[in-house]
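*Asks:* My questions all concern the structure below.
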Amino acid sequence: MGTEAMILTGLAMVFGLYMAWNIGANDVANAMGTSVGSGALTLKRAVILAAIMEFTGAFFIGPHVTETVRKGIIDISIFTAAPDGARMLCFGMLAALLAAGAWLQIASYFGWPVSTTHSIVGSLVGFGCVFGGVEAVNWFGGNGFSVLAILSGKGGLTSIVASWVVSPLMSGVIAYLVFRFILKRIFYRPDPVAAARVWTPIIVFFVMVTMMLVLSFKGLKPFWGRFDLKPLDFWPLTIGLSASVFSGIAGALISRRLVRKVKADDPALARLQADLYTARAMSKALMHLRRVHSTAVGEAQDQAKRALDEAEKLYNQVRDRTRGNTDSHVYHNVERIFIYLQIISAGFVALAHGSNDVANAIGPLSVVIETAKDMKIPETTSVPLWVLGIGGVGIIVGLATWGWRVMMTVGKRITELTPSRGFCAEFAAAVTILIASVYKLPISTTHTLVGAVLGVGLARGIGALNLNTVRDIIASWIITIPAGAGLAIVFFYGLQLAFG
């Protein structure tokens, strides 16, 4: 290996570690943000849990073979056809790692949860356009502009852009429905603790089934790839379904025994339940009063208007005391149940994330290492264990040092979270990831989780959301790809000048 190749390899290791550090600081913090924000985990315990699950996913399950160019965004033929293409590819991958890492660091500083995949894709687009022109970028997946191709994830860069809408919308709707279901079936019942004893084993069953399927279809995808299998092939599917059902039944039986020990001993519970029934009765009364007001005439209409105003005032007062009020001390014992469910959900999401998104750091790193050996461009590159180790360690260090910034945004600044709300967000994100994995929809884990938190907030009313924070997050999503592209162009030219 020549001097230049050794320098390129060394820079790739440093830049890859830098990128992994920023993945931990931004992306991993998303998986743990709801747990910290709801109080289910302290910051220290969240870092420990994420460190174990992320490193396990990255090192033991992470991809041992990676595509030359991430997600086929750039046409590799532009490099193979160029006389100095291998060298330029090395410069481009180094620029992409440095640019994506720099943008993630900026986003993490401001607490913006952005997609690491979109960051690296934007960086690849930047240096690809500079080297091969606009036609070098796979804008529409090679099939022209097609809504079906975009929604199926085969629409090139347009599918990435589509995920800005698909990810948060899907997870937000699921989170909203799950949270409203839990409110109706548990928190708004005459005896929430008794209702929790009935529904918790059922919820645990579906949680474990969903999480195990996410692990099989998403988390273990790189593992199946070592045997030239896909998650939906016969054996992976059979093993995944069997393990999911077994885990669901085991979890339901264990939780059934545990929730029997939970007791309701708060005297304030009766007052809260009275408010709940009053709110429901008043909502029905308001419908009748509105009909009376619309049909009455003369003095009767004026009297109906006064009665309607008083009824609406009373209804609003009672509703404000009860709506989405799961953080009340009255519900403390019920909320404790969801702490464990949220921790389980966060652990599975972190494991799946580590096994997949570590490729955003080690993919370009492996390309440079493989290409620099003899300056030939490989179609696929092998990933040594020590490279996976770099990715895993970088992710953990990033989470431990700067992860708290994004955790605060996801866990506290979008909407107020409790264990039950945090669980709904985590579970909705997991269901969305599972659906996307099965149907190959283009989604972002970051956008998915943020959308789920928004859905939980909307279930309590628009006033429960911090709209300024939501605005900043959406703006950061839109900026991510052009920011990565712009930085990559600067670094690409800089590397060319440095190496001559």
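*Asks:* Could you tell me whether SER283 is within 30 Å of ILE337 (Cβ to Cβ) and modelled with pLDDT of 85 or more?
*Replies:* No.
*Asks:* Taking PRO201 as the residue in question, decide whether it is in contact with a helix residue (DSSP H, G or I) (Cβ under 6 Å, 6 or more places away or on another chain), within 19 Å of PRO419 (Cα to Cα) and in contact (Cβ under 8 Å) with a residue 12 or more places away in the chain.
*Replies:* yes
*Asks:* Would you check which residues across the stretch 399-417 are assigned to a loop (DSSP other than H, G, I, E, B) and surrounded by 24 or more Cβ atoms within 10 Å (Cβ to Cβ) and list them? Explain how you work it out, then say what you get.
*Replies:* Step one: list which residues in the stretch 399-417 are assigned to a loop (DSSP other than H, G, I, E, B), which gives 414, 416-417.
Correct list: ILE414, LEU417.
*Asks:* Would you call TRP386 under 25 Å from the mean Cα position of the chain (by Cα) and surrounded by fewer than 24 Cβ atoms within 10 Å (Cβ to Cβ)?
*Replies:* It is false that TRP386 is under 25 Å from the mean Cα position of the chain (by Cα) and surrounded by fewer than 24 Cβ atoms within 10 Å (Cβ to Cβ).
*Asks:* Can you pull out the residues in the stretch 385-417 that are under 20 Å from ILE61 (Cα atoms) and either β-branched (Val, Ile, Thr) or without any contact (Cβ under 8 Å) to a residue 12 or more places away in the chain (or both)?
*Replies:* TRP386, VAL387, ILE390, VAL393, ILE395, ILE396, VAL397
*Asks:* OK, next. In the stretch 1-13, what residues are assigned to a helix (DSSP H, G or I) and either of a type outside the set (Val, Ile, Thr) or modelled with pLDDT of 95 or more (or both)?
*Replies:* GLU4, ALA5, MET6, LEU8, GLY10, LEU11, ALA12, MET13
*Asks:* What pairs come up if the first residue lies in the stretch 300-321 and is part of a helix (DSSP H, G or I) and surrounded by 13 or more Cβ atoms within 10 Å (Cβ to Cβ), the second is of a type in the set (Asp, Glu) and modelled with pLDDT under 85, and their beta carbons are under 8 Å apart, counting only those six or more places apart or on different chains?
*Replies:* VAL318/ASP275; ARG321/ASP275
*Asks:* All but one of (1) surrounded by fewer than 24 Cβ atoms within 10 Å (Cβ to Cβ); (2) closer than 16 Å to VAL173 by Cβ; (3) over 13 Å from the mean Cα position of the chain (by Cα) hold for ARG421, so report the exception by its number.
*Replies:* (1)
*Asks:* For PHE60, are the conditions met, namely being in a helix (DSSP H, G or I), among the hydrophobic types (A, V, I, L, M, F, W, C) and either over 19 Å from the mean Cα position of the chain (by Cα) or at pLDDT 75 or above (or both)?
*Replies:* yes
*Asks:* Scanning for something buried (at least 16 other Cβ atoms within 10 Å of the Cβ), touching a residue at least 24 places away in the same chain (Cβ under 8 Å), part of a helix (DSSP H, G or I) and in contact with a Cys (Cβ under 6 Å, 6 or more places away or on another chain), does the stretch 482-494 turn up at least one residue?
*Replies:* Looking for residues that are buried (at least 16 other Cβ atoms within 10 Å of the Cβ), touching a residue at least 24 places away in the same chain (Cβ under 8 Å), part of a helix (DSSP H, G or I) and in contact with a Cys (Cβ under 6 Å, 6 or more places away or on another chain), one finds none in the stretch 482-494, hence no.
*Asks:* Shifting gears a bit: Which residue, of VAL393, VAL438, is at pLDDT 90 or above and part of a helix (DSSP H, G or I)?
*Replies:* Of VAL393, VAL438, the one residue that is at pLDDT 90 or above and part of a helix (DSSP H, G or I) is VAL393.
*Asks:* Can you tell which of ILE377, ILE395 is of a type in the set (Val, Ile, Thr) and either surrounded by fewer than 24 Cβ atoms within 10 Å (Cβ to Cβ) or in contact with a Pro (Cβ under 7 Å, 6 or more places away or on another chain) (or both)?
*Replies:* ILE377
*Asks:* Okay, next question. Return the residue satisfying two criteria in turn: it lies in the stretch 452-467 and is part of a helix (DSSP H, G or I) and small (Gly, Ala, Ser), and of such residues it is nearest to ALA429 (Cα to Cα). Break it down into steps so the answer makes sense when it comes.
*Replies:* Applying the first criterion (part of a helix (DSSP H, G or I)) to the stretch 452-467 yields 452-458, 462-464, 467.
Filter again for small (Gly, Ala, Ser), leaving 452, 455, 457, 463-464.
Values: ALA452: 6, GLY455: 11, GLY457: 14, GLY463: 23, ALA464: 20 Å.
Among those residues, the one meeting the criterion is ALA452.
*Asks:* Would you call GLY128 buried (at least 20 other Cβ atoms within 10 Å of the Cβ) and under 17 Å from GLY392 (Cβ atoms)?
*Replies:* no
*Asks:* Say whether the condition of being free of Cβ contacts under 8 Å to residues at least 40 places away in the same chain and over 19 Å from THR371 (Cα atoms) is met by at least one residue in the stretch 3-10.
*Replies:* no
*Asks:* While we're here: What pairs come out if I take residues in the stretch 418-446 that are under 11 Å from ALA31 (Cα atoms) and acidic (Asp, Glu) and pair them with residues that are surrounded by fewer than 24 Cβ atoms within 10 Å (Cβ to Cβ) and modelled with pLDDT under 80 whose C-beta lies under 7 Å away, six or more apart or interchain?
*Replies:* Listed by first residue and then by second, the contacts come to nothing, as the list is empty.
*Asks:* Just to be sure I understand, how many residues within the stretch 1-36 are polar (S, T, N, Q) and under 17 Å from ILE106 (Cα atoms)?
*Replies:* So the answer is 3.
*Asks:* Hey, any hits in the stretch 424-445 for a residue that's more than 20 Å from TRP103 (Cβ to Cβ), of a type in the set (D, E, K, R), out of contact with any strand residue (DSSP E or B) (no Cβ under 9 Å at 6 or more places or on another chain) and surrounded by 20 or more Cβ atoms within 10 Å (Cβ to Cβ)?
*Replies:* Yes, because at least one residue in the stretch 424-445 is more than 20 Å from TRP103 (Cβ to Cβ), of a type in the set (D, E, K, R), out of contact with any strand residue (DSSP E or B) (no Cβ under 9 Å at 6 or more places or on another chain) and surrounded by 20 or more Cβ atoms within 10 Å (Cβ to Cβ).
The values are calculated or read from the model by the stated rules, or taken from the named source; none is laboratory data. None of the values given here were measured: they were computed from a predicted structure. All Cβ positions, even for glycine, are placed from backbone atoms using ideal geometry, and neighbour counts span all protein chains on display.
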